[in-house]
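The values are calculated or read from the model by the stated rules, or taken from the named source; none is laboratory data. On a predicted model such as this, the values are computed, not experimentally measured, just so you know. So basically every Cβ, Gly included, is an ideal-geometry build from the backbone, and we count neighbours across all protein chains shown. In case anyone asks, the SASA skips ligands and DNA or RNA and just uses the protein heavy atoms, side chains included. Shrake-Rupley method; radii C 1.70, N 1.55, O 1.52, S 1.80 Å.
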Number of protein chains: 2
Amino acid sequence: MAATVIDGKAVAQAVRSEISDEVRRLSQKYGQVPGLAVVIVGNRKDSQSYVGMKRRACAEVGIKSFDVDLPEQVSEADLLKQVQELNANPDVHGILVQLPLPKHINEEKVLTEISLEKDVDGFHPLNIGKLSMKGREPLFVPCTPKGCLELLHRSGISVKGKKAVVVGRSNIVGLPVSMLLLKADATVTIVHSHTSEPERIIHEADIVIAAAGQPMMIKGSWIKPGAAIIDVGTNAVDDPTKKSGYRLVGDVDFEEASKVAGWITPVPGGVGPMTVAMLLQNTLQGAKRKLEQSN
Amino acid sequence: MAATVIDGKAVAQAVRSEISDEVRRLSQKYGQVPGLAVVIVGNRKDSQSYVGMKRRACAEVGIKSFDVDLPEQVSEADLLKQVQELNANPDVHGILVQLPLPKHINEEKVLTEISLEKDVDGFHPLNIGKLSMKGREPLFVPCTPKGCLELLHRSGISVKGKKAVVVGRSNIVGLPVSMLLLKADATVTIVHSHTSEPERIIHEADIVIAAAGQPMMIKGSWIKPGAAIIDVGTNAVDDPTKKSGYRLVGDVDFEEASKVAGWITPVPGGVGPMTVAMLLQNTLQGAKRKLEQSN
């Protein structure tokens, strides 16, 4: 039995089309569209490609994108000033600072400067605290974790009472996705670099979220037959048959795993498109909250 | 082989004696002692008994206790005003509002009013966020979770790379203790009321933190031989042989479990005394931070 391959592109497209409709309604009702500021510092190829995708995605759904491109040498003070200006700009409902920032800039300081109401990445510790706590709701749920849950939900995979194993514990994916799964009543285990025998733990899981950043670390034999596998990893590995000299692979050995799993996301085309769609959704949500409050 | 019974009273006494020495040093250096405000609303017997213990513990180590006793009928506005006054009082370094509050008062609102620098309970969502996130440190670690880790540490039980199972996911114990164990590099699983076959998951654990509030739910047969069991539960069960008509039991069947486990905490006399000791430690820490900044 081959796994059902979850088409992240198609799901993301469906989400984007819903967002597009909502943006139109909002614009008709309030005469204003949501605005997202995407800030990039320096010339990193990967960052530029991500930022480009985000800006194009905004345009597609009718969200106004505010482009801030700063040179590699920009001072921390100048970057902070830019963030403060965006905080004050009433047309901007979300602010995204593309990471990583150059080494001379304190990332924590910059991210904490973003107004909570515009923190569409949801990385502020106050947001993470509320995300973790029972009975509290964050203003924004971080995009990639939200995208993982949305993929499960829209594929008809229930989470409640299931054994979920999250591989990786980053602030951006592993930790918040664990908290979301817990809030959705899964029994959650967090596996990381100090875990002994990860294969045995993963083999018990009904749902695996792979976010370790280790190319193809999770083998087919590690997977419980019928499990749902969400692969967040995006790793470049050498491939001389490609013009670029590399190809992208996930944290899961797709070839092997797709023979055992019940559902699996491909890389690319799985979680990636959902992250961008969730960013648009968060921006829309921020704009709605703002416009409904002030009208 | 019988388990080593971890004597929480003795460990707490050792911690309190260290605190007492530190308080003396602080007082000699700055001419000021740490101050803890303990606020109680109404006449709940259990709350009064907890508050009494905390105030006596302060006196024992030389921490000045500020007693605020408010009637059951106090308005939310008046309680908030009291908290604001304590926030402004330079002799108060920690503020503890005993929970639960009467139903007409919004607990979340009151707890959020406490100044972050004086939130010795560590329940503020910003604190919980920083506790959860890699590379961030909260101003205060919640007392009971901190006490659990301290008991493990002082019993010579290493956490790194161990399988830890936390039973319960409350904001006060289960969630933050999971985050602390994760930061200490344990492989953490959170078990709760929607978990199927909790006994199988618990049986894999090298370390069990029981914080479900279910009297003697964890049986001896659920425990892996040699495991370390920290029992946070404090449940009153009927006992006609006692003058009071009840006795306190934990979430673990101590009788059975102590025959299988490697280490176990008793109830009472295990985690309870540590919670109070950690509250004193947090108050001391808050005072040190304040006095070192302003001197």
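Points worth noting:
- Matching entry among A:ASP78, A:ASP91 (being part of a loop (DSSP other than H, G, I, E, B) and without any contact (Cβ under 8 Å) to a residue 60 or more places away in the chain): A:ASP91
- Subset tally (residues that are touching a His at 6+ places or on another chain (Cβ under 8 Å) and under 22 Å from A:PRO142 (Cα atoms)) for region A:46-102: 0
- The residues of region A:100-117 that are in contact (Cβ under 8 Å) with a residue 40 or more places away in the chain and either within 14 Å of another protein chain (Cβ to nearest Cβ) or crowded, with 19+ Cβ neighbours inside 10 Å (or both), listed by number, are A:PRO100, A:LEU101, A:ILE105.
- B:GLN281 being open to solvent by 30 Å² or more (accessible area, probe 1.4 Å) and closer than 30 Å to B:GLU117 by Cα: yes
- Screening A:THR275 against (1) in a helix (DSSP H, G or I); (2) touching a Leu at 6+ places or on another chain (Cβ under 8 Å); (3) surrounded by 20 or more Cβ atoms within 10 Å (Cβ to Cβ) leaves a single unmet condition, (2).
- Residue within region B:123-140 that is outside the structural domain of B:GLY213 (by TED's automatic domain parsing), under 16 Å from A:LYS134 (Cα atoms), in contact with a Pro (Cβ under 9 Å, 6 or more places away or on another chain) and not in a helix (DSSP H, G or I) present: yes
- The lone exception for B:PRO266 - which of (1) open to solvent by 10 Å² or more (accessible area, probe 1.4 Å); (2) without any contact (Cβ under 8 Å) to a residue 40 or more places away in the chain; (3) part of a loop (DSSP other than H, G, I, E, B); (4) within 18 Å of B:LYS9 (Cα to Cα) it fails: (2)
- The lone exception for B:THR144 - which of (1) more than 12 Å from chain A (Cβ to nearest Cβ); (2) open to solvent by less than 10 Å² (accessible area, probe 1.4 Å); (3) under 18 Å from the mean Cα position of the chain (by Cα) it fails: (2)
Okay, residues lined up against (1) in contact with a Phe, Trp or Tyr (Cβ under 8 Å, 6 or more places away or on another chain); (2) touching a residue at least 60 places away in the same chain (Cβ under 8 Å); (3) open to solvent by less than 80 Å² (accessible area, probe 1.4 Å):
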| site | (1), (2), (3) |
| --- | --- |
| A:ILE218 | no, no, yes |
| A:LYS224 | no, no, yes |
| A:ILE230 | no, yes, yes |
| A:GLY233 | no, no, yes |
| A:ASP239 | yes, no, yes |
| A:LYS242 | no, no, no |
| A:TYR246 | no, no, no |
| A:GLY250 | no, no, yes |
| A:ASP253 | no, no, yes |
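- Among the residues making up region B:18-72, those that are surrounded by fewer than 14 Cβ atoms within 10 Å (Cβ to Cβ) and assigned to a loop (DSSP other than H, G, I, E, B) are B:GLY31, B:ASN43, B:PRO71, B:GLU72.
- For region B:224-248, the set of residues classified as within 19 Å of B:LEU151 (Cα to Cα) and either of a type in the set (A, V, I, L, M, F, W, C) or outside any loop (DSSP other than H, G, I, E, B) (or both) consists of B:ALA227, B:ALA228, B:ILE229, B:ILE230, B:ASP231, B:VAL232, listed by residue number.
- From the options A:LYS288, A:LYS259, residue that is open to solvent by 30 Å² or more (accessible area, probe 1.4 Å), touching a residue at least 60 places away in the same chain (Cβ under 8 Å) and not in a loop (DSSP other than H, G, I, E, B): A:LYS288
- Scoring B:SER155 on the criteria (1) of a type outside the set (Phe, Trp, Tyr); (2) in contact with a strand residue (DSSP E or B) (Cβ under 7 Å, 6 or more places away or on another chain); (3) within 14 Å of chain A (Cβ to nearest Cβ) leaves a single failure, condition (3).
- Region B:124-140 - residue that is open to solvent by less than 30 Å² (accessible area, probe 1.4 Å) and farther than 22 Å from A:VAL177 by Cβ and, of those, nearest to the other protein chains (Cβ to nearest Cβ): B:HIS124
- From the options B:SER75, B:SER115, B:SER65, residue that is touching a helix residue (DSSP H, G or I) at 6+ places or on another chain (Cβ under 8 Å), farther than 26 Å from A:PRO125 by Cα and polar (S, T, N, Q): B:SER65
- Here A:VAL120 meets the list (1) out of contact with any strand residue (DSSP E or B) (no Cβ under 9 Å at 6 or more places or on another chain); (2) away from chain B (no Cβ under 14 Å) almost entirely, failing just condition (1).
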